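Colleague: I am attaching a structure below and will ask some questions about it afterwards.
The values are calculated or read from the model by the stated rules, or taken from the named source; none is laboratory data. Note that this is a predicted model, so its numbers are computed, not measured. Cβ atoms come from the backbone with ideal geometry, glycine included; neighbour counts cover every protein chain shown.
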Amino acid sequence: MKRCAKLFLIVCSGGLLGAAPRIIEPRTRQATALAIVIDSVTYAKTSTAVEAYRQAVETDELATYIVVDQWRRPEEIKAVLIRLTERQPIIEGAVFIGDIPVPMLRDAQHLTTAFKMDQERYPFERSSVPSDRFYDDFDLRFDFIRQDTANTLLFYYTLRADSPQKINREIYSGRIKPPVDDSTKYQRIATYLQRIALQKRQPEILNEIFTFQGHGYHSEALDAWECQVQALREQFPPSTRIKNLHHSRSGEVKNLVITALREPALDLAIFHAHGDFDTQYLIGYPPAENIEQNVAVVKLFLRSKMREARRRRKSVEEVVNYFREAYGVPESWFAEAFADSLVAADSVYSANLDIYATDARRLAPQAEVIIFDECFNGCFIKSSYIAGEYVFGKGTTIAGVANTVNVRQDIWADEMLGTLAHGVRLGRWHQTRNYLETHIIGDPTFRFKPDVNNTLPGKDLLGPNKTLDWGKLLQAPEPLLRTVAVFKMYQLQGARFESELVKIYRHDPAFNVRLEALKCLADLRTPAFEDLLKISTADSYELIRRFSANWMGLLGKDEYLPYLAQKTIFDVSERVTYIAQGAIEKISPTLAWSACEAAFRTPPFDLRQPLLEERLKRSFTRSEEWLKKELMYSLTCDTLPLKKRIEAVRTFRNYQFREAVPELLEVAMDDSAEPVLRRQVLEALGWFGLSSERNEIIATCQQIMKSPGSPQEVRQEAEKTWRRLAQGPNDPLIY
């Protein structure tokens, strides 16, 4: 345990947080243990079910502590968990049952995949991240802000400047919180615990998988979906049956998904789609096949916009006038938008496109584990949320992996997921997912039964296994085991493993192994990695090309321009071309057009060339004007309103234009500038963690930290950015 965690334990165990909780000791001796953390009311009402769950966990070779209290603050729970890592058996994970305080984390958006909401503009509950990383990463340091007055389970914290700026969890965790707010929650918890206690005694082999790719995901690039399917198959034994469904297959996708989820043999389901806390977005409006259908779809769209305006108390007339003037829409197409019969018909039509919380409630899904690679599906602070409806419903689902806020599409959502087929506990796998927003809803100790023919290491494959020779396993015949070996060897050796990582990337035939090696190299941020990108942009694995193009843009080197121009124009994946165009603009919108113009003059020649040339030229011109005439002008013009300048600064969190770095540094150093502006600039510079100019940013931050003329809040933000850039990314795949 690191020093800051020990200091936290000393403070929190010294009686400052009230009476000590009741700790019920394990009844069996095992190498490691689980901590069941439960509030006293829930325990009193569900103790029989908790005991059944405990027995099932201990039968599955994991000792179990039960920790009961009237929890007042999250710090109390964290102190107990730290204390249990200093006892025998040491805990490897925790599960939070019932009304457990929810840490709502602020000023830590760089620890998420996509969440970048303006904390000053939006209310605390909406602009904070519900996250149990407060509990399971002992070294992250926070300052308490306040408790929510409406929902007293919510506690707001800010990430300290002197905290580590990346996640490295000591334990895994899970939440058992049913999707209800009334007294029925106790019966739902009890029913769930009794059910999974029986299921855990008769584990299934993971040999039946269902995956779904939703509407609007990965730019509708079928190449991205195809490679995703291939990479998943690579992780599982050939005997595993994997059914892959793409939303474009049929207008009846919802029925196909529900039917697949109800298949009794199903073990694992994976959703890659857009979502909300109460919705899984499966399919958009089906493409029209004739003029009448086109008109009908446009009318439906217009009615939805009018109704949306009324719901938000905005002018319906303004909406109508906009579409009439901008698109010449006839007056008759807006007719009867609020007629009861038409509202009902449209509602039924829309309901057949997606899965809602009401659908999930009666689904009875049969998969023991469901991965929700979707936004907000795991938002357990809501009274009803999709993942909770699946897990605590009428089916046999034991756990879901879901997100409390929005999540980025371009992540490696199934990295090492195949380890589940070999008996690895879900929590052990999830412990490698180092984002604030991702959570296990349900039992984190669940594991599938390994196949009798399996020759791979069992449940400790991702744990602190000291008996395996990871170097030898780099030559294993199974791609999955080679992937895990790369992951483990990098953990053990760090930079000393660099040359081997380069060799592995260049020569291993497996998608997953190459990507794992490249990810580790990206974490090192060395010249070897920067040079290897010139090769990896042409990789046969679409996801590697996607990440490589993005990394090139973030590094911002002119030498990458011709490679990104080739990807922008000629790559077969629409998602790669989209990422590459954004990347080349970050290096320089002006030079981007020159590079693409040269690429157009060399084979292979694209039949779309005249139209594509015109589109790209317009796009790069717009980007250059936006960068220089709007963003950089707003950044440097001290006569503009402060709000407008800050809006421009915040843009650089997503668009790390290389050309803006000198101006950003100048404003950060300006003692005459508003402290809030300097803080925002320094925070934005924290997103340049892969930039070839990051050392200059680090030096500027160090200078500000020592500057007596800079206010304390500015010096603290400089320290946070310095730590972010010096320590490296939370996840090298996410910048």
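Colleague: Look through the range 654-702, keep the residues that are among the polar types (S, T, N, Q) and touching a residue at least 24 places away in the same chain (Cβ under 8 Å), and return whichever of them is surrounded by the fewest Cβ atoms within 10 Å (Cβ to Cβ).
Modeller: Asn654
Colleague: Which residues, taken from the range 687-704, are assigned to a helix (DSSP H, G or I) and either among the charged types (D, E, K, R) or touching a His at 6+ places or on another chain (Cβ under 9 Å) (or both)?
Modeller: Answer for the range 687-704, where residues must be assigned to a helix (DSSP H, G or I) and either among the charged types (D, E, K, R) or touching a His at 6+ places or on another chain (Cβ under 9 Å) (or both): Arg694, Glu696.
Colleague: Being farther than 24 Å from Leu426 by Cβ and in a helix (DSSP H, G or I) is the filter here; which residues of the range 46-73 pass it?
Modeller: Those that are farther than 24 Å from Leu426 by Cβ and in a helix (DSSP H, G or I): Ser47, Thr48.
Colleague: Do we find that Lys243 is touching a strand residue (DSSP E or B) at 6+ places or on another chain (Cβ under 7 Å), within 30 Å of Leu206 (Cα to Cα), of a type in the set (D, E, K, R) and part of a strand (DSSP E or B) in this structure?
Modeller: So Lys243 passes the test.
Colleague: Also, I was wondering about something else. Only one residue in Val572, Val513 is of a type in the set (A, V, I, L, M, F, W, C), touching a residue at least 24 places away in the same chain (Cβ under 8 Å), farther than 21 Å from Ser691 by Cβ and not in a helix (DSSP H, G or I). Which one?
Modeller: Val572
Colleague: Sticking with this structure for a sec: Got at least one residue in the range 711-730 being of a type in the set (Ser, Thr, Tyr) and at pLDDT 95 or above?
Modeller: Looking for residues that are of a type in the set (Ser, Thr, Tyr) and at pLDDT 95 or above, one finds at least one in the range 711-730, hence yes.
Colleague: Take the residues in the range 253-272 that are of a type outside the set (A, V, I, L, M, F, W, C) and in contact with an Asp or Glu (Cβ under 9 Å, 6 or more places away or on another chain), then tell me which one is surrounded by the most Cβ atoms within 10 Å (Cβ to Cβ).
Modeller: Across the range 253-272, the extreme among qualifying residues is Asp267.
Colleague: Here are the criteria: (1) surrounded by fewer than 19 Cβ atoms within 10 Å (Cβ to Cβ); (2) farther than 13 Å from Thr28 by Cα; (3) more than 29 Å from the chain's Cα centre (by Cα); (4) of a type in the set (D, E, K, R). Tell me which single one Glu61 does not satisfy.
Modeller: (2)
Colleague: Surrounded by 14 or more Cβ atoms within 10 Å (Cβ to Cβ) and either over 28 Å from the mean Cα position of the chain (by Cα) or closer than 27 Å to Glu585 by Cα (or both) - does that describe any residue in the range 475-482?
Modeller: yes
Colleague: Take the range 218-244 and flag every residue that is polar (S, T, N, Q) and more than 23 Å from Tyr578 (Cα to Cα).
Modeller: Gln235, Ser239, Thr240, Asn244
Colleague: List pairs: first residue in the range 304-320 and within 12 Å of Ala337 (Cβ to Cβ), second residue loosely packed, with under 13 Cβ neighbours inside 10 Å and among the hydrophobic types (A, V, I, L, M, F, W, C) anywhere in the structure, Cβ distance under 9 angstrom, at least six positions apart or on different chains.
Modeller: Met306/Phe338; Arg307/Phe338; Arg310/Phe338; Val316/Phe338
A quick yes/no check of all residues on (1) charged (D, E, K, R); (2) buried (at least 24 other Cβ atoms within 10 Å of the Cβ); (3) touching a residue at least 40 places away in the same chain (Cβ under 8 Å):
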site	(1), (2), (3)
Gly388	no, yes, yes
Gly393	no, no, no
Arg408	yes, no, yes
Ile411	no, no, yes
Met416	no, no, yes
Gly442	no, yes, yes
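Colleague: Taking the range 379-391, which residues are within 22 Å of Ile283 (Cβ to Cβ) and either of a type outside the set (Ser, Thr, Tyr) or under 13 Å from the mean Cα position of the chain (by Cα) (or both)?
Modeller: Ile386, Ala387, Glu389
Colleague: While we're here: Restricting the search to the range 284-307, which residues are touching a helix residue (DSSP H, G or I) at 6+ places or on another chain (Cβ under 8 Å) and of a type in the set (D, E, K, R)?
Modeller: Within the range 284-307, Lys299, Arg303, Lys305, Arg307 meet the criteria.
Colleague: Enumerate the pairs (first residue in the range 188-210 and more than 16 Å from Gly393 (Cβ to Cβ); second residue anywhere and basic (Lys, Arg) and at pLDDT 95 or above) with beta-carbon separation below 6 Å, excluding pairs fewer than 6 apart on the same chain, so at least 6 apart or on different chains.
Modeller: Glu208/Arg241; Phe210/Lys243
Colleague: Could you figure out which of (1) free of Cβ contacts under 8 Å to residues at least 60 places away in the same chain; (2) part of a strand (DSSP E or B); (3) within 27 Å of Met104 (Cα to Cα) isn't true of Tyr43?
Modeller: So Tyr43 meets the others, but not (2).
Colleague: Which one is farthest from Ala367 (Cα to Cα), of the residues in the range 220-238 that are crowded, with 16+ Cβ neighbours inside 10 Å and of a type in the set (S, T, N, Q)?
Modeller: Among them, the one singled out is Gln228.
Colleague: Those residues that are within 29 Å of Thr445 (Cβ to Cβ), part of a helix (DSSP H, G or I) and out of contact with any Lys or Arg (no Cβ under 9 Å at 6 or more places or on another chain), I need them from the range 456-482; list them, please.
Modeller: Correct list: Pro479, Leu480, Leu481, Arg482.
Colleague: Test Thr279 against the criterion of being in the same structural domain as Gln228 (by TED's automatic domain parsing) and surrounded by fewer than 13 Cβ atoms within 10 Å (Cβ to Cβ), and give yes or no.
Modeller: Here the answer is no, as Thr279 does not meet what is asked.
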